[in-house]
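K.L.:
Shown below is the structure under consideration.
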Amino acid sequence: MPSHVALLRAVNVGGTGMVAMAALRDLFADLGFGAAKTLLQSGNVVFDGGRTAPAKLEATLEAEALSRLGLRTDFIIRTAAEWSGVVAANPFPDFARDNPKFLHVGFAKSAPDKAAIAAVEEAIAGLPEQVKMNGRESYIVYPGGAGTSKLGPALVKVERKHPSIRATARNWNTVMKIAALLDG
């Protein structure tokens with residue numbers, strides 16, 4: 001049974017960070033991580049990482065993806081228990097039920113510092129989006145969709161100034177599909 005989720009940052013987006021999911025599954029298998037399954041083409045892998053610490057898994061996967069696949073990207077790891085906690089902590093359950101593709105969860109390696117949180121709060125001022133931060137996760141409501149939102153570009157600027165906020169996001173549909181894969 002899979003025990004971990006690996007989220008790759010910025011793969012197969014706009015022609016950059018291209019990687020075939022079969023190659024990604026092979027990488028995990030070659031490294032001895034069992035039960036590796038990918039979801040969609042955007043770098044979502046559930047796998048059995050055993051008792052290896054998430055930070056060690058991230059470092060190993062980043063180094064091996066670069067070495068074996070020529071892919072330079074961040075891997076963000078969550079345990080199955082942490083993933084369940086992400087689902088349970090959703091501060092927008094009604095919105096998730098009614099508009100799951102417009103609710104995104106941002107996953108960071110570490111919790112952003114106070115300056116980064118303040119910068120995010122400043123970036124959303126006057127916008128219709130809502131952001132609730134909870135440790136290493138941020139829940140973002142995009143009422144008009146993420147593609148046309150002014151928040152996305154604003155968050156990129158914040159990230160450049162505050163590296164602690166470096167993250168990757170998945171919409172609620174994807175979060176729940178990953179939860180189903182973890183449940184077997």
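The values are calculated or read from the model by the stated rules, or taken from the named source; none is laboratory data. Everything numeric here is computed off the predicted structure, so don't read it as measured data. Note that we place each Cβ from the backbone using ideal geometry, even for glycine, and neighbour counts take in every protein chain shown.
K.L.:
Let me confirm something: among Leu40, Leu27, which residue is touching a Ser or Thr at 6+ places or on another chain (Cβ under 9 Å) and either among the β-branched types (Val, Ile, Thr) or not assigned by TED's automatic domain parsing to the domain that holds Lys109 (or both)?
P.N.:
Numbers: Leu27 fails: touching a Ser or Thr at 6+ places or on another chain (Cβ under 9 Å).
Going through Leu40, Leu27 in turn, the sole match is Leu40.
K.L.:
Can I ask one more? Which pairs have Cβ atoms under 9 Å, sit 6 or more apart or on different chains, and link a residue in region 45-70 that is closer than 11 Å to His4 by Cβ to one that is outside any strand (DSSP E or B) and polar (S, T, N, Q)?
P.N.:
Short answer, once both residue conditions are applied: Val46/Ser3; Phe47/Ser3; Asp48/Ser3; Gly49/Ser3; Gly50/Ser3; Arg51/Ser3; Thr52/Thr60.
K.L.:
OK, next. Report, by residue number, each residue of region 48-79 that is touching a helix residue (DSSP H, G or I) at 6+ places or on another chain (Cβ under 9 Å) and among the hydroxyl-bearing types (Ser, Thr, Tyr).
P.N.:
Once the filter is applied, which keeps residues that are touching a helix residue (DSSP H, G or I) at 6+ places or on another chain (Cβ under 9 Å) and among the hydroxyl-bearing types (Ser, Thr, Tyr), region 48-79 yields Thr52, Thr73, Thr79.
K.L.:
Look at region 42-51 and say how many of its residues are in a loop (DSSP other than H, G, I, E, B) and surrounded by 14 or more Cβ atoms within 10 Å (Cβ to Cβ).
P.N.:
3
K.L.:
Kindly indicate the residue of region 23-41 that is assigned to a helix (DSSP H, G or I) and among the charged types (D, E, K, R) and also surrounded by the most Cβ atoms within 10 Å (Cβ to Cβ) among those meeting that condition.
P.N.:
Restricting attention to region 23-41, the residues satisfying the condition of being assigned to a helix (DSSP H, G or I) are 23-30.
Filter again for among the charged types (D, E, K, R), leaving 25-26, 30.
Numbers: Arg25: 16, Asp26: 14, Asp30: 10.
Looking at residues that are assigned to a helix (DSSP H, G or I) and among the charged types (D, E, K, R), I get Arg25.
K.L.:
To continue, here is another question. Do we find that Ala123 is exposed (fewer than 15 other Cβ atoms within 10 Å of the Cβ) and either under 23 Å from Glu159 (Cα atoms) or assigned by TED's automatic domain parsing to the domain that holds Ala22 (or both) in this structure?
P.N.:
no
K.L.:
Ok, one more. Being part of a strand (DSSP E or B) and either hydrophobic (A, V, I, L, M, F, W, C) or crowded, with 18+ Cβ neighbours inside 10 Å (or both) is the filter here, so list the residues in region 1-22 that pass it.
P.N.:
Scanning region 1-22 gives His4, Val5, Ala6, Leu7, Leu8, Val13.
K.L.:
If you take just the strands (runs of 3 or more DSSP E) that sit entirely in region 106-184, which of them hold at least 2 residues that are within 25 Å of Ser84 (Cβ to Cβ), among the hydrophobic types (A, V, I, L, M, F, W, C) and touching a residue at least 24 places away in the same chain (Cβ under 8 Å)?
P.N.:
Output list reads 137-141, 167-171.
K.L.:
Taking Phe75 and the conditions (1) touching a Pro at 6+ places or on another chain (Cβ under 7 Å); (2) of a type in the set (A, V, I, L, M, F, W, C); (3) within 22 Å of Ala10 (Cβ to Cβ), which numbered condition does it fall short on, given that it satisfies the others?
P.N.:
Condition not satisfied by Phe75: (1).
K.L.:
Being loosely packed, with under 12 Cβ neighbours inside 10 Å, among the hydrophobic types (A, V, I, L, M, F, W, C), over 18 Å from Ala169 (Cα atoms) and out of contact with any helix residue (DSSP H, G or I) (no Cβ under 6 Å at 6 or more places or on another chain): is that true of Ala118 here?
P.N.:
Criteria not met by Ala118.
K.L.:
Further question on the same structure: For Glu159, indicate whether it is surrounded by 14 or more Cβ atoms within 10 Å (Cβ to Cβ), closer than 30 Å to Ala59 by Cα, at pLDDT below 90 and in contact with a helix residue (DSSP H, G or I) (Cβ under 7 Å, 6 or more places away or on another chain).
P.N.:
Yes: the conditions hold for Glu159.
So that you can scan it fast, the table gives a plain yes or no per residue for (1) among the polar types (S, T, N, Q); (2) surrounded by 14 or more Cβ atoms within 10 Å (Cβ to Cβ); (3) closer than 24 Å to Arg25 by Cα:
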site: Arg68; (1), (2), (3): no, no, yes
site: Leu71; (1), (2), (3): no, yes, yes
site: Ile76; (1), (2), (3): no, yes, yes
site: Ala88; (1), (2), (3): no, no, no
site: Phe92; (1), (2), (3): no, yes, no
site: Asp98; (1), (2), (3): no, no, no
site: Phe102; (1), (2), (3): no, yes, no
site: Ala108; (1), (2), (3): no, yes, yes
